[in-house]
Amino acid sequence: MIISYLLRKETIMEKLNIAGGDPLNGTVHISGAKNSAVALIPATILAHSPVTIEGLPHISDILTLRDLLREIGGNVHFEKGEMVIDPKPMISMPLPNGKVKQLRASYYLMGAMLGRFKKAVIGLPGGCHLGPRPIDQHIKGFEALGAEVTNEQGAIYLRAEQLKGARIYLDVVSVGATINIMLAAVLAKGKTVIENAAKEPEIIDVATLLTSMGAKIKGAGTDVIRIEGVESLHGCRHSIIPDRIEAGTFMIAAAAMGQEVLIDNVIPTHLESVIAKLREMGIRIEESSDQLLMVGGQKELKPVDLKTLVYPGFPTDLQQPMTSLLTKANGTSVVTDTIYSARFKHIDELRRMGAAMKVEGRSAIITGSAALQGAKVKASDLRAGACLVIAGLMAEGITEITGLEHLDRGYSQIEEKLSNLGAVVWREKLTDQELEQMQNS
């Protein structure tokens with residue numbers, strides 16, 4: 001616990017420097033999916049014998065979850081991307097504050113602990129500030145299964161005599177609610193049907209783990225998921241899927257600055273909307289079963305309009321990185337985010353770098369062909385950090401990015417991967433003067 005706190009503190013006191021303008025060439029290996037990992041690890045609470053998850057990314061969210069599972073009594077070993085979790089000694093210890101507040105996906109602990117212990121106390125989610133992330137659909141699902149849910153002093157209290165299967169219709173398609181209800185329902189008595197379920201690949205990944213643990217789940221990846229409750233779950237070994245958002249981020253970086261960049265360890269069908277949009281801009285992409293080759297050198301990129309949608313639509317997590325690339329297009333593009341209304345804080349930072357763009361409601365209007373200049377900028381959230389990294393690669397001169405605690409929540413060894421592609425990127429400690437300026441700003 002002390003180590004991950006120190007890592008987090010260290011990150012806050014650092015900046016990432018990028019000397020822009022160098023072309024990218026080579027191969028980048030994509031890590032395991034962050035958005036799967038933050039659900040897979042809590043899911044192990046439901047088992048009664050050790051679970052091994054391999055291919056996990058080395059990011060701060062994973063270290064936070066490791067510490068939280070240890071906090072409730074679990075034996076957890078994490079090394080070289082493999083986490084071995086023995087959940088047998090875990091207890092239903094309340095987690096109203098502390099590390100749980102650092103984690104945007106802390107709500108998965110609710111479904112897992114409710115499923116196993118029939119009670120839980122979990123502090124409301126932390127993580128990136130993207131505007132409200134309501135959990136009303138999660139609560140609706142828990143209540144339908146027989147839980148009593150109350151909000152007391154910023155923590156959610158869940159209690160149930162026993163959980164019983166139910167038919168649950170989600171008013172809004174929600175990845176978090178779909179997974180959380182699955183976690184609570186696999187040990188409930190009888191059948192649960194989740195209608196209007198989210199279809200993201202991460203849901204299939206979690207369902208695959210739960211099925212390997214002995215759960216009975218049908219329909220994951222469709223809009224109707226059927227679950228037959230079982231008496232108990234056991235340990236297993238599971239390999240996580242590749243991170244489609246990290247892959248998309250490197251695809252966009254390659255589209256901006258690449259000559260020939262091979263994206264290795266990907267599932268191309270998970271990225272169809274991104275591939276289609278980049279091809280629409282004029283980027284050449286060659287696909288194989290688990291790789292994508294990005295071929296650059298285009299004299300002119302076309303402007304495009306894009307709208308973020310639930311899967312299989314264009315991911316909201318790649319909206320911000322795309323805005324950097326669109327500054328290079330010859331014309332005006334419009335980016336509309338239908339998922340998170342507050343996901344445009346990066347626009348002001350890009351304007352510091354010379355980008356011609358403005359926000360109108362849920363849309364950003366980007367006038368392309370503006371040459372970016374290196375500047376001092378701050379990441380307001382995880383994907384804004386990725387956006388600024390791509391802008392830094394494109395810009396003339398040196399870009400200094402602070403707010404790295406956000407970037408390190410979702411990207412494993414990002415400087416090393418960029419350096420291997422030929423980018424000039426390095427970290428530095430912030431000076432006392434820079435820290436003071438940050439505190440005053």
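What the table below lists for this structure:
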quantity	calculated
Candidates THR367, THR402, filtered to the one that is surrounded by 20 or more Cβ atoms within 10 Å (Cβ to Cβ) and not small (Gly, Ala, Ser)	THR402
Selected residue (only one of GLU272, GLU287 is free of Cβ contacts under 8 Å to residues at least 24 places away in the same chain, closer than 30 Å to ALA197 by Cβ and surrounded by fewer than 23 Cβ atoms within 10 Å (Cβ to Cβ))	GLU287
Residue, farthest from HIS48 (Cα to Cα), within region 93-111, restricted to residues that are touching a strand residue (DSSP E or B) at 6+ places or on another chain (Cβ under 8 Å) and open to solvent by less than 30 Å² (accessible area, probe 1.4 Å)	VAL100
Residue in region 132-175 that is surrounded by the fewest Cβ atoms within 10 Å (Cβ to Cβ), counting only those that are touching a residue at least 40 places away in the same chain (Cβ under 8 Å) and part of a helix (DSSP H, G or I)	VAL175
Checking ASN180 against (1) open to solvent by 30 Å² or more (accessible area, probe 1.4 Å); (2) at pLDDT 95 or above; (3) out of contact with any strand residue (DSSP E or B) (no Cβ under 9 Å at 6 or more places or on another chain), the condition it does not meet	(1)
Pick from region 135-172, criterion at pLDDT 95 or above, of a type in the set (A, V, I, L, M) and farther than 17 Å from LEU124 by Cα, ranking: nearest to the chain's Cα centre (by Cα)	LEU170
Check on GLY385, farther than 20 Å from THR316 by Cα and in contact (Cβ under 8 Å) with a residue 12 or more places away in the chain	no
Residue in region 63-76 that is modelled with pLDDT of 95 or more, in contact with a helix residue (DSSP H, G or I) (Cβ under 9 Å, 6 or more places away or on another chain) and part of a loop (DSSP other than H, G, I, E, B) present	yes
Search result, residues across region 359-382 that are within 26 Å of the chain's Cα centre (by Cα) and under 14 Å from LEU393 (Cα atoms)	LYS376, VAL377
Single residue of region 297-313 satisfying the filter (under 19 Å from SER324 (Cα atoms) and in a loop (DSSP other than H, G, I, E, B)) that is most open to solvent (accessible area, probe 1.4 Å)	LYS299
Any strands (runs of 3 or more DSSP E) falling wholly within region 204-260 and containing at least 2 residues that are open to solvent by less than 10 Å² (accessible area, probe 1.4 Å) and farther than 16 Å from PRO57 by Cβ	224-228
Members of region 342-363 found to be in contact (Cβ under 8 Å) with a residue 24 or more places away in the chain and either open to solvent by 60 Å² or more (accessible area, probe 1.4 Å) or of a type in the set (D, E, K, R) (or both), listed by number	ARG343, LYS345, GLU349, ARG352, ARG362
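The values are calculated or read from the model by the stated rules, or taken from the named source; none is laboratory data. Because the structure is a prediction, the values reported are computed rather than measured. When we count neighbours, we look across all protein chains shown, and the Cβ atoms used for this are built from the backbone with ideal geometry, even at glycine. To get the accessible areas, we keep the full protein, side chains included, count just its heavy atoms, and leave off ligands, DNA and RNA. Shrake-Rupley method; radii C 1.70, N 1.55, O 1.52, S 1.80 Å.
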